[in-house]
Structures are given as C-alpha cells and as structure tokens.
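Here is the structure we will look at.
The values are calculated or read from the model by the stated rules, or taken from the named source; none is laboratory data. Note that the structure is a prediction, hence the values are computed from the model and not measured. Here Cβ is always computed from backbone atoms with ideal geometry, including for glycine, and neighbour counts include all displayed protein chains. Heads up: the accessible areas ignore ligands, DNA and RNA and are worked out on the full protein's heavy atoms, side chains in. Shrake-Rupley method; radii C 1.70, N 1.55, O 1.52, S 1.80 Å.
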Amino acid sequence: MKMEKLAWYVVVLLLLRCSVSVTSDASDHKYNAGDPVAMYANKVGPFHNPSETYRFFDLPFCSPADVKEKKEALGEVLNGDRLVSAPYKLDFLQDKDSEIVCKQKLTKEEVSRFRSAVSKDYYFQMYYDDLPFWGFLGRVDKKGKSDPSEFKFYLFKHLHFEIFHNKDRVIEINARADPNALVDVTEDKETDVEFMYSVKWKETSTPFEKRMEKYSQSSAMPQHLEIHWFSILNSCVTVLLLTGFLATILMRVLKNDFIKYAHDEETVEDQEETGWKYIHGDVFRYPKYKSLFAASLGSGSQLFTLTVFIFILALVGVFYPYNRGALFTALVVIYALTSGIAGYIASSFYGQLEGTNWVRNLLLTGSLFCGPLFLTFCFLNTVAIAYNATAALPFGTIVVIVLIWALVTSPLLVLGGIAGKNSKAEFQAPCRTTKYPREIPPLPWYRGALSQMAMAGFLPFSAIYIELYYIFASVWGHRIYTIYSILFIVFIILLIVTAFITVALTYFQLAAEDHEWWWRSFLCGGSTGLFIYGYCLYYFFARSDMSGFMQTSFFFGYMACICYGFFLMLGTVGFRAALFFVRHIYGSIKCE
C-alpha cells in the first residue's frame, strides 16, 4: 500500500512539474522601470547539428561572479536545456550603449576553441523573461578565397539587444551582433578582447497574450499552409481511390463469392475446392509465437493510446512554441500511465489464444518497446557523455526515470496483465478449426511476405511523406511546427489507409488459399514504419547538413526507436482491421 501511494506521489509530482513548465509563460511578468528581468544563457552548438549542444560557459565567455543554475523540469532536461545566469544585465526600460561585460586575455587554446566554434557555425540560445532568442558567435570570411586554409575567422564581441515592451510587460527581444566589432581568431595567438553589449528599449502595441505568436508565424505563412493543404488533398485522393477500390472488392467480388459458394453447397460433389471459403477450417488457427504476437498487440495499443493523448494535448494548446520540455514530460508520464493498457490487451489476447505462460508474456510486453529504447538510450547517453554535451542526462534525472518505470510503469503493467488474465474472454471465431492444417499451395514471388509489405507500406507512406518533411525540419532542425490540426488530419488518414490496404492484401492472401494471415497482416500494417526509416536516410543525406558521429548516432538511433514504435502501432491497426474483415466474411457463409 505504501509503495502504491509513493508511486502515485511520483506521478502527481511530475504532472505538477509539467504544468509549471507549461504555464510558466502565462504567469504575470509586470515590471517597473529599473527592475531586474530574469535572463538565462542556455546552450551553444553547431547550427546544423541540433542534438549536439553544449553548456554556454563551456566556451571561454565572460562568466558572472556567481553563476546560478535554473531549476528545470524533467522535460527540459530531456530536451538538453541547461539554463544558467547570463553575463548581461538588461534591467527593465534601461537603455545602455557599449556597456563592457568584461575584458579578458584569450590564451592560444581559448582562441583555438572559439575558431573551431565559428568554423562550425555555432549559435547560442538565451532566454529573457521566458522569451527565447538566438545569435551566431562569429563569421567566416571566404570572399575571394577558394582554399579553406586562407579563410579568416572572426568572433563577434559586441551584441545589440532590441527589446519591445507594452507598458509594464516585455513583449519581444532580438539580438544582433555588430558586424564591425570583430576579433580575429584565425591564428593561435594570445588575444586581448573586450566583450560589450548595448540595449535599446522600444514600445509596441502587441498585447502580452500574443507575444509567443511571433515564433509560430513561420509555419502558418500562406505559402506553407498551401503546401500543408496540398499534402492533405494528396492524402485524401489516395484514401478515396483506395476506398473505391476496396468497395469494389467488398461489394462486387465478395458478393460474387457468396453467390458462388451458396451455389457450390448444392453441387458440392462436382466442385473442386478453391478460394477463401475452403480454408475456413484453418483461417482461425492460432499463429506461431503467440506470446510475441499478443505482446506486440499490447505494445502497439499502448503506443496508439499515447499518440492520441499527445494529439489531444497539442490541440488544446499545451505545446506552444519553444516549450518542448512539456512534450517530453508528457511522453514520459503518459507512457507510464498507459502501461496498464499494454498489460491488459496482451494478457487478454494471449488468454484468448489459449496461452498459459502469462508471466513470460507480461515480461515480453514490458520489454518489447522499452528494451530496444533502453539499449539505444544507454549507447547514445554514453556518446553524449564522451562529447560532454547537454544531451547527456544527469544521474538524478536517470534515477527519476528509473523510479517512474519501477514504481508506476511496471506495477500498472502487472495490474493490467492480471485484469486481462482474469477477463477469461474467449476468441470469437465463426468457424471451427480443423485438427490438421491444410497445406498452402505454391505461391508466386509477389504474394510473399516482403512483396506484400512493400505494397502495404508504400500507400500509407505516400499519404504522409509531404508532412514528414515539416516534422523532420522541426524535430531535427530549427523550424517551428504548430499546425497540429493538420497533423491530426494526416494521422487519421494514415490510420484509414493502413487499415484499408491491410484488409485488401488479407483478402488476396486468403483467396490464394494462404491461411497464415495473422502475422502477415501485422507486418503489412507496420511496414510503413520501415518506409519512414528509409525516408530518414534520404532526409539525412539529401535534405540536411547534419554531420559528425554524435549527431549521426542520435539521428539514426532515436529515429530507429520512433519508426519501431510506428511499426508496432500501425501493425496493431492493420491486424485489428484484418481480424474484423475476416470475421465478417466467414460469418457470412455456412461453415461445416
């Protein structure tokens, strides 16, 4: 009982921390002239490598006398945010001109580090009154030079802050470097540098409630909206064509089949057994590896539920721009709370398949998605530690995640498993299964599992590939994605196309007298995940400028986990649709 109370205490605490991070922007930020305004330096890193970020003061900038670290929510830590007090003092309504931050003598090693950062297009991110802003550390002079050894590297030493206010509230901040105030860091030699900044306050009529709209305007611009709607139109055409195709099958072909089989019953002696009716004694024969199959359905159902909840939170406005910490926190908490669904569905279906070793089934369900994710995380976290990057999770955060898994995820999984085992539901099959399986006739290569998966994955992928670019550019770049309503429509289309194409391929498989459709329908439904991973290869090499071992590892490692999750989720959708279809057609004929 104490353990259960402790588990729920952890959940409530995390939800409270998530709500704090979500609503931080909506709190009152009213100031009088001269009041200090919170300003934090977050991180620096190569512009083209979004996962490879470092602490701001890992580079030899001027640091305040007392560097204070801001307490962060779980999601912010998972996002790689490490906020510390910035070296600049921007009091409310106080203009400043060429204020000196510090004077320092850079050593050869420090000059070399700055040059390396400038050559890799390092940017910095800071927060002023919860408003994010960015800037580059320097520039490379390549004019008239073709040999990289002749390039000149310059460090910006003077920042201009332009801050807009509406009466007593901060509305907007922009930072730009003075192009004339440069420090040459081309050669490894000791260099004297004087870091400065200027502040200019301006008034604006933009209300405080709309100050975050600036960050979402780029994704809602007319030209981008046209592309999004073209994506949906393309997907809808695909759905309509597929629906019409399936309607032809269900209404014409099946109708003819029913008439034919009804006629065959009268003259059964003269008829040769062909078609899907004559495998009615085998079509509901339980699949091989039924514990793994039930675990896959449980994990897929949990991931589907997780996705639906995330969409609900997104549509009600929880994930506003640059509040990614809330998304990561929501993913962790909702996944933990929905583990009972995985346990219940896996155990219940395993029981329907007359499985007996339900403990092993539960262990398999709990580790089917978490296992590969954990191994990937361990490898990538080790890489991040080796790079000393902010993506490396602190020990305390790892302990919190382990506690959530041990005190929330695992107990709920077991409780769901017990409830599923005790439900004792029987598998609803309209036909009895014969004692011995019927031999499957030789089939052409295009009716094999790989060929069918290729066909099944291509259509759903073609319905979403345009939207994928914007999602990738947001997750693995610096674009903003805020049109969650369009994304939700695309997700619904993806589910419909997956279900329809799986049903169609299942019909063709049964018509060829191949009764092993259980795993085939799951693999065909989930094959879209493999196409998405193929798109990852295209995006990485053709559409992005990502480079380096760490960024490559993070991109392909975490995308493998995401695509695997899609495989399980869409595989579950495909199998459920196929099961409904098979039950319907075999329930419509007389089975001996």
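Key figures for this structure:
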quantity	calculated
Cα gyration tensor shape for the range 319-475, rounded if a/c is under 1.5, else prolate or oblate	oblate
Relative packing of peptides 437-445, 234-242, 146-154, 527-535 - highest average C-beta neighbours within 10 Å first	527-535, 234-242, 146-154, 437-445
Calculated FRET efficiency for the pair Asp188/Ile232, C-beta based, R₀ 51 Å, to 0.05	0.40
Acute angle (nearest 10 degrees) that the helix 410-423 long axis makes with the longest principal axis of the chain, alpha-carbon atoms	20 degrees
Estimated [θ] at 222 nm from DSSP helical runs (n ≥ 4, -39500 (n - 2.57)) normalised by residues in the chain, nearest 500	-17500 deg cm²/dmol
Principal-axis tilt of helix 222-248 within the chain, Cα atoms, nearest 10 degrees	10 degrees
Beta bridges by DSSP in the chain, antiparallel share as percent, to the nearest 5	85 percent
Cα gyration tensor, the chain - rounded (a/c under 1.5), prolate or oblate	prolate
Mean Cβ count within 10 Å, highest first, over the residues of peptides 109-120, 185-196	109-120, 185-196
Distance (nanometres) between label positions extended 7 Å along Cα→Cβ at Phe488 and Thr107	5.6 nm
Mean shadow area of the range 95-204 over all directions, Cα convex hull, nm²	7.9 nm²
Surface share of carbon and sulfur [accessible, 1.4 angstrom probe, percent] for the chain	61 percent
Approximate spin-label separation Phe395-Lys210, in nm, with each point projected 7 Å along Cα-to-Cβ	5.1 nm
Among the listed pairs Lys288/Lys421; Lys70/Lys200; Lys105/Lys202, those beyond 32 Å (Cα-Cα)	Lys105/Lys202
Cβ-derived FRET efficiency at R0 60 Å, Met251 paired with Ser146, nearest 0.05	0.35
The range 493-550, accessible area per residue, ligands and nucleic acids excluded (1.4 Å, Å²)	34 Å²
Angle between the chain longest axis and helix 339-352 axis [Cα atoms, degrees, rounded to 10]	10 degrees
Extension gain (nm, one decimal) between Ser198 and Asp91, 0.36 nm per residue minus Cα-Cα	37.3 nm
The range 346-388 - Rg (one decimal) and Dmax (whole number), Cα, Å	16.2, 51
Rounded if a/c under 1.5, otherwise prolate or oblate - the range 72-140, Cα gyration tensor axes	oblate
Separation between Cα centres of the range 156-212 and the range 36-99, rounded to whole Å	14 Å
Fraction in percent of alpha-carbon pairs per bin - 10 Å, the range 441-592	11, 36, 29, 16, 7, 2, 0
